1. Positive end of the dipole of the chain, charges at C-beta (+1 Lys, Arg; -1 Asp, Glu), about the Cα centre: which of Pro282, Val194, Gly155 has its Cα farthest in that direction?
2. Assigning unit charges at the beta carbon (Lys, Arg +1; Asp, Glu -1) and nothing else, what dipole magnitude in debye, to the nearest 20, does the chain show about its Cα centre?
3. Using the per-residue mean of other Cβ atoms lying within 10 Å as a proxy for protection, in what order, highest first, do the peptides 416-422, 318-324 fall?
4. Could you order the peptides 437-443, 387-393, 256-262 from most to least packed, using the average number of other C-beta atoms within 10 Å per residue?
5. What span do the alpha-carbon atoms of the range 85-182 cover on each of the three principal axes, reported in whole Å from largest to smallest?
6. Would you calculate the convex hull of the Cα atoms in the range 317-446 and tell me its volume per residue in Å³?
7. Suppose only helical runs count, i.e. DSSP H with n ≥ 4. What mean residue ellipticity at 222 nm does that imply for the chain under -39500 (n - 2.57) per run, divided by all residues and rounded to the nearest 500 deg cm²/dmol?
8. Students often check this: by mean Cβ neighbours within 10 Å, which of 405-415, 240-250 ranks highest, and how do the rest follow?
Amino acid sequence: MHGGSAGGAPVLVVGSGVAGLCTALAAAPRPVLLVGRGRQAEDSASVLAQGGIAAALAADDSVAAHVEDTLAAGAWHNDHARVRLLAGAAADAVAWLEAQGVAFDRRGRTLRLAREGGHRCARVVHAGGDASGARMVAALGEAARRASHIHWRGGVDVHGLELRGGRVTAACLRALHDDGAGPVDEWIEVADVVLATGGIGALFARTTNPVVADGAGLALAMAAGAVVADLEFVQFHPTALDAPGHSLPLVTEALRGAGARLLDATGRPLMAGRHPQGDLAPRDVVARAVWEAGRQGGGVRLDARGPGIDWERAFPTVLAHCLAYGIDPRTRPIPVAPAAHFHMGGVVTDALGRSSIPGLHAVGEVACTGVHGANRLASNSLLEGVVFGRRLGAHLAQSVPAAVDGGAVRRVLRGPDLDAPALVRLSDLLSAAAGPVRTAAGLAAALAEAGDLASSGWQAELAAALLRAARDRRGSLGAHWLDDSLVREQA
Ligand code: SIN
């Protein structure tokens, strides 16, 4: 990544996870300004991803089977054509990543394939075992550093957009980490803006996401008037390490694919008799079972002591996290709990990543391409970032926008941040009302409270939009699960 870029106003890519990096790389030769809130180019949720890339590469697998599993996990709420596009592009995405320097795990010359929840067969390639996301971001980050069209700036938030004649023409960058001198705002001219800002997990009390995944990009798009959809669909990962704190280490689903089993408080298999795929049922099903068991007291443990689990090769990240908390998973079951993991909803885009606002694009978790439906299939998110990032980048490479002359100028800002106590209150509220199991009454009460906070900060405004979408969806679907028996119990 270089210090300057010739050729007019840049494409501004906001976020340096897998989706942002793929877009930036594919946009050559357009000049790209890649910004992120972290100090490092690689600060993103992608780095924490332990799952890999789902691709129908096994002899007994097919793109059609990958499509069917994606639709079944997504409760058939998906955009079927986009799902076919995603699954059909998966093998090429793996080959392209290898060409970028990602060394996927192999046995001899053959790619190793792992099984995760909702997949009917082993279909997931990993790199460095459960360090897949970190390995991908490292390789793509290195490629971006070498690319002369990409200029990187860290410690920067984008909190405003300028629209001229309805098209995005400028963005407001706010420098963070400014050594106490207060934030410095700078409006810069841009040719296009790509939001690759990730999800909203950090708005919940417990999440597998980093703190930067707080929905800031989504809130900015909403402030500008972009069309959004499916905000109510929040995926909870059933097995975060049950430790104190907000951002919890993930305990990858691939462990269950390798034979680990969830046990209830009495030591019985939690998923027995609940779903034909048992421990490898789609994630929403398992998350609800873990949530329900937690509510009844006693907690849930993942027993990963089986002989089939090669900790050092396949699960070094989980092993290190567990040991850091004083748990040796080779000798005792791991305490687990559900935590907010992935947002299926977001900024509505077409198949090229274009939002409803000319010049504003979205890719990766912040986007709603329709591929995930009401509940994402495991290891389809990094895949989405690669496939749709490359498509969007290639589209941008070929389409330099004409200069906008005239038209009304409108500047929009995301708005003030909530203060720390209000943020804690909001995250407790969201977690209680919009968790893996919801009630109509709980959603209505939380919406009233979030609505009261909305004028104090954008996070509450975003939470209120999510709660409103959840309130308005009357039946259960995928990750949005209403259980009105809870209302009767609570009455
Ligand atoms: C996991 O490794 O369990 C998470 C994978 C994913 O989110 O797709």
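Derivation of every value follows stated rules applied to the coordinates shown; laboratory data play no part. From a predicted model like this one, the values you see are computed outputs, not experimental measurements. Here the Cβ positions follow ideal geometry from the backbone for every residue, glycine too, while neighbour counts run over all protein chains shown.
1. Of the listed residues, the answer is Pro282.
2. 860
3. 318-324, 416-422
4. Averaged packing, sorted descending, gives the order 387-393, 256-262, 437-443.
5. Principal-axis extents of the range 85-182 (Cα, largest first): 53, 36, 30 Å.
6. 207
7. Theoretical 222 nm ellipticity from helices: -10000 deg cm²/dmol.
8. Output ranking for 405-415, 240-250: 240-250, 405-415.
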